[in-house]
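Undergrad: Here it is, the structure, as structure tokens.
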Amino acid sequence: DEGSRMKPKSGDLELLRRIAEQARPFVPHLLGIMLLDLLATPLALLAPLPLKIAVDSVLGDRPPPFPFATLGTAPQTLLIAAAGLLVLITFASLLQALGASLLRTHVGERLTLAFRARLFRHAQLVSFTYHDQRGNCLSFVNLFVGIARERKLNPFYVEVIDYQKWDHRAGMVVS
């Protein structure tokens, strides 16, 4: 049925709620990213203005726009002002892009760190008795190896081939 595929499932809404809960402390940062990204549009619209001034007022015979009319009508003055405006707009655009990129990276890393910390806290609360009753703890070990690799440590697995060389305690092999 086409209509049922378009409706969000309850699991999707629960996932969205949990993501929103996880991101709640970062709302000011996310709003900052949005505002910096919105600033890109006016800066992009200002980019052709120096060229318009150079073509219309320096090469052509139209009067310069309002703020530049106070500089006079000398072509050299208008051309220098247009070049300065071009540098200013370019610098502002680059600052906007840098700020948005840095803030986006910072928020992404902080969200990832918060999620990993929450996952690690949950892993610490997992009952070891469940793992003792149900097979081995390979997935638990994989979790810790993954966390250690993420922290740029060099974890490794030890494969037990000769059980006689290892300590045995309560039916378990320990190092």
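Undergrad: Considering region 56-71 alone, what residues qualify as being open to solvent by less than 70 Å² (accessible area, probe 1.4 Å) and out of contact with any Pro (no Cβ under 7 Å at 6 or more places or on another chain)?
TA: Step one: list which residues in region 56-71 are open to solvent by less than 70 Å² (accessible area, probe 1.4 Å), which gives 56-58, 60, 64-65, 68-69.
Scanning region 56-71 gives Asp56, Gly60, Pro64, Pro65, Phe68.
Undergrad: Do we find that Ser93 is modelled with pLDDT of 95 or more and not basic (Lys, Arg) in this structure?
TA: Numbers: modelled with pLDDT of 95 or more: yes; not basic (Lys, Arg): yes.
For Ser93, the condition - modelled with pLDDT of 95 or more and not basic (Lys, Arg) - is met.
Undergrad: Moving on to the next point. Assess whether Phe115 counts as being in a helix (DSSP H, G or I), surrounded by 11 or more Cβ atoms within 10 Å (Cβ to Cβ), in contact with a Leu (Cβ under 9 Å, 6 or more places away or on another chain) and among the aromatic types (Phe, Trp, Tyr).
TA: Details: in a helix (DSSP H, G or I): yes; surrounded by 11 or more Cβ atoms within 10 Å (Cβ to Cβ): yes; in contact with a Leu (Cβ under 9 Å, 6 or more places away or on another chain): no; among the aromatic types (Phe, Trp, Tyr): yes.
So Phe115 does not fit the description; no.
Undergrad: Give just the number: which of (1) in contact (Cβ under 8 Å) with a residue 12 or more places away in the chain; (2) under 21 Å from the mean Cα position of the chain (by Cα) does Thr105 not satisfy?
TA: Going through (1) in contact (Cβ under 8 Å) with a residue 12 or more places away in the chain; (2) under 21 Å from the mean Cα position of the chain (by Cα) one by one, Thr105 breaks only (1).
The values are calculated or read from the model by the stated rules, or taken from the named source; none is laboratory data. Computed from a predicted structure; not experimentally measured. Please note: Cβ atoms are built from the backbone with ideal geometry, for glycine as well, and neighbour counts cover all protein chains shown. When the accessible area is computed, the model is the full protein with side chains, heavy atoms only, and any ligands, DNA or RNA have been set aside. Shrake-Rupley method; radii C 1.70, N 1.55, O 1.52, S 1.80 Å.
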